[in-house]
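The structure under discussion appears below in the form of structure tokens.
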């Protein structure tokens, strides 16, 4: 039997949670069972180029969403599907979900699945209308959290039978909790009590709340460093806010990094102050590295974090609560160690990349076999 051909479609591939997941699917599935092609409507982006360097097939149409008409976009995506002839089309994020599912109509693919990666922070009726229709002609809509699922049901009216909620996972073999913390700090040039966050610098991620909390913590912990890994549209604003709060020397903006597993061991506490979340992959990475975590009650964090056992949960947009949780861990090194060890055990038990990929493989095989069944041959 030939490998099942999967085409993953995105607009482009910057460094982000959705793109990392796409890369994990491309590189992690058994190549004897699955042939994965990754395609971008626009340019490949950093993650697309990285996949190419790793020997993966990446196709780019090089189209600009803002300058290319919708009909032409749709025509080009359809030509791509006709050329590659995948068994399964798997699209990610709104525009790829839209053009990919429309382009696939009538092509006789074995399966079409779309992934919604985040909650609907701003509801747009025309998107909901498109998703309502396409959610009934595709096979499955995949989500990774109850809040995302609730939005897809509420706004897009996707039938429950076409929804699948999957459990995220991370590459545990890249996360070593035995790394010497002092040596890692020295390598980065930091000292003292070190906090960290890995996320795009966007409104969703709640960096303003984190900076306000760090100001409170810094009053009691003079030797404090906050490492912010990521880029985004709010970087200049956040840098200005850090200076305004007197944290110019405390907050380090590290930009986009692909060596996050080497940065995490230098942290004493990982903080996720998000105001809403879809897939908290960086939270899982931190926990897999054996770090105690402080997170807002968003997305699947309340499922992953057992408050007071492997981390601390705080209300959304509550800097004072964040500060209290950070100080709680600062003042109790033994608690940091115990919560970190339990965090690692949590990820090992349920949130590994292997388990994550098994879920996709099962869906792909199900759709392939159904598409090759007697009904499809009539």
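Tabulated data for the structure shown
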| read-out | value |
| --- | --- |
| Failed item, numbered, when residue 223 is tested on (1) exposed (fewer than 14 other Cβ atoms within 10 Å of the Cβ); (2) in contact with a helix residue (DSSP H, G or I) (Cβ under 9 Å, 6 or more places away or on another chain); (3) touching a residue at least 12 places away in the same chain (Cβ under 8 Å); (4) not assigned by TED's automatic domain parsing to the domain that holds residue 51 | (2) |
| Matching option when the condition is crowded, with 24+ Cβ neighbours inside 10 Å and in contact (Cβ under 8 Å) with a residue 12 or more places away in the chain, among 241, 267 | 267 |
| Qualifying residue in region 269-277 (condition: assigned by TED's automatic domain parsing to the domain that holds residue 302, farther than 30 Å from residue 308 by Cα and in a strand (DSSP E or B)) | no |
| Those residues of region 278-302 which are assigned to a helix (DSSP H, G or I) and either touching a helix residue (DSSP H, G or I) at 6+ places or on another chain (Cβ under 8 Å) or buried (at least 22 other Cβ atoms within 10 Å of the Cβ) (or both), in sequence order | 281, 282, 283, 284, 285, 286, 287, 288, 301 |
| Residue in region 36-44 that is within 21 Å of residue 372 (Cβ to Cβ) and in contact (Cβ under 8 Å) with a residue 24 or more places away in the chain present | yes |
| Residue in region 187-199 that is closer than 20 Å to residue 93 by Cβ and either touching a helix residue (DSSP H, G or I) at 6+ places or on another chain (Cβ under 9 Å) or in the same structural domain as residue 324 (by TED's automatic domain parsing) (or both) present | yes |
| Top-ranked residue in region 69-93 [being in a loop (DSSP other than H, G, I, E, B) and touching a helix residue (DSSP H, G or I) at 6+ places or on another chain (Cβ under 8 Å); ranked as farthest from residue 368 (Cα to Cα)] | 93 |
| Residues (in a helix (DSSP H, G or I) and in contact with a strand residue (DSSP E or B) (Cβ under 8 Å, 6 or more places away or on another chain)) located in region 157-208 | 162, 172, 185, 188, 205, 207 |
| Residue check, residue 148 in contact (Cβ under 8 Å) with a residue 60 or more places away in the chain, in a helix (DSSP H, G or I) and surrounded by 18 or more Cβ atoms within 10 Å (Cβ to Cβ) | yes |
| Residues of region 94-135 classified as farther than 28 Å from residue 276 by Cα and in a loop (DSSP other than H, G, I, E, B), total | 6 |
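The values are calculated or read from the model by the stated rules, or taken from the named source; none is laboratory data. Predicted, not measured: the structure shown is a model, and the values here were computed from it. As a convention, Cβ positions derive from the backbone with ideal geometry for all residues, glycine included, and neighbour counts pool all protein chains shown.
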